[in-house]
Amino acid sequence: MPTADKRTRARELVMQVICQMDVQGAAAMDMLGVFLTENTDDPDIRQRAEKWAKGAWESIAECDKLITTAAAKWELSRLNQVDRSILRLGAYQLKYCPDIPAKVVINEMIELAKKYSAESSPAFVNGVMDAIYKKLKADSDTKCEK
């Protein structure tokens, strides 16, 4: 399996884990290893998914703040669970995974929305992810100027 496909599969698993965390809270993290083992036999995918899931969970408040700012007309709690999970993963990767190009993150989140969510979700996810990216870029540019 090519590396890009492994990353895509890892993102799918992380999105599912974030959905579980949304419902079960920290208890979902206790079952992370079991969930990943049951859903892939590829150690690279498991390792990457575990890293991203833990990172997203540890930074969920910051990710939610980014999403809330970017989707000003939408209350986070009113978003469907899949879209909220996709946006949380995307916000985490844009903010905390500088090794992944922003265009790749945004495109992957749109693809997740196409595969797992409602017909209108890809456009919504695209808009929110783009707004998060622009905010992070503006914040970064401001820090560089000081």
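A short reminder: the numbers here are calculations on the coordinates, not readings from a lab. Bear in mind that the values here come from a model prediction, so they are computed numbers and not experimental data. Here the Cβ is made from the backbone with ideal geometry for all residues, glycine too, and neighbour counts use every protein chain on show.
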If one builds a Gaussian network model of the chain from Cα atoms under 10 Å apart, the most fluctuating residue listed among ALA56, ALA27, ALA113 is ALA27
Arrange VAL34, VAL17, VAL104 by Cβ neighbour counts within 10 Å, fewest through most, would you? VAL34, VAL104, VAL17
To the nearest Å, what is the center-to-center distance of region 57-108 and region 1-32, using C-alpha atoms only? 14
Which whole-number percentage describes the relative contact order of the chain, with Cα contacts under 8 Å and a sequence gap of 6 or more? 23
Just to be sure I understand: with springs between alpha-carbon atoms less than 10 Å apart, which residue in GLU108, GLU62, GLU38 has the highest mean-square fluctuation in the Gaussian network model of the chain? GLU38
Would you calculate, for the chain, the mean residue ellipticity at 222 nm contributed by helices, counting each DSSP H stretch of 4 or more residues as -39,500 (n - 2.57) and dividing by all residues, to the nearest 500? -26000 deg cm²/dmol
Where the Cα pairs of region 1-59 fall when distances are cut into 10 Å bins, in %: 25, 58, 16, 1
I want the local charge near LEU76. Using Cβ-Cβ distances under 12 Å, sum +1 for each Lys or Arg and -1 for each Asp or Glu among the other residues. +1
Hey, quick one: spin label on ALA138, modelled 7 Å out along Cα-Cβ, who in region 84-105 has an amide N within reach, i.e. under 18 Å? 91, 94-95
Which entries of LYS65/LYS103; LYS6/LYS134; LYS6/LYS103; LYS6/LYS135; LYS115/LYS137; LYS54/LYS95 show an alpha-carbon separation above 23 angstrom in the structure shown? LYS6/LYS134; LYS6/LYS135; LYS115/LYS137
What list do you get for CYS97, CYS19, CYS63 if you sort them by fewest beta carbons within 10 Å? CYS97, CYS19, CYS63
If one compares the long axis through the Cα atoms of helix 43-58 with the longest principal axis of the Cα atoms of the chain, the angle in degrees, nearest 10, works out at 50
Calculating Cα extents along the principal axes in Å from this structure picks out, from (i) 45, 32, 28; (ii) 40, 34, 30; (iii) 38, 33, 23, entry (i)
C-alpha long axis of helix 3-24 to longest principal axis of the chain, angle in °: 90
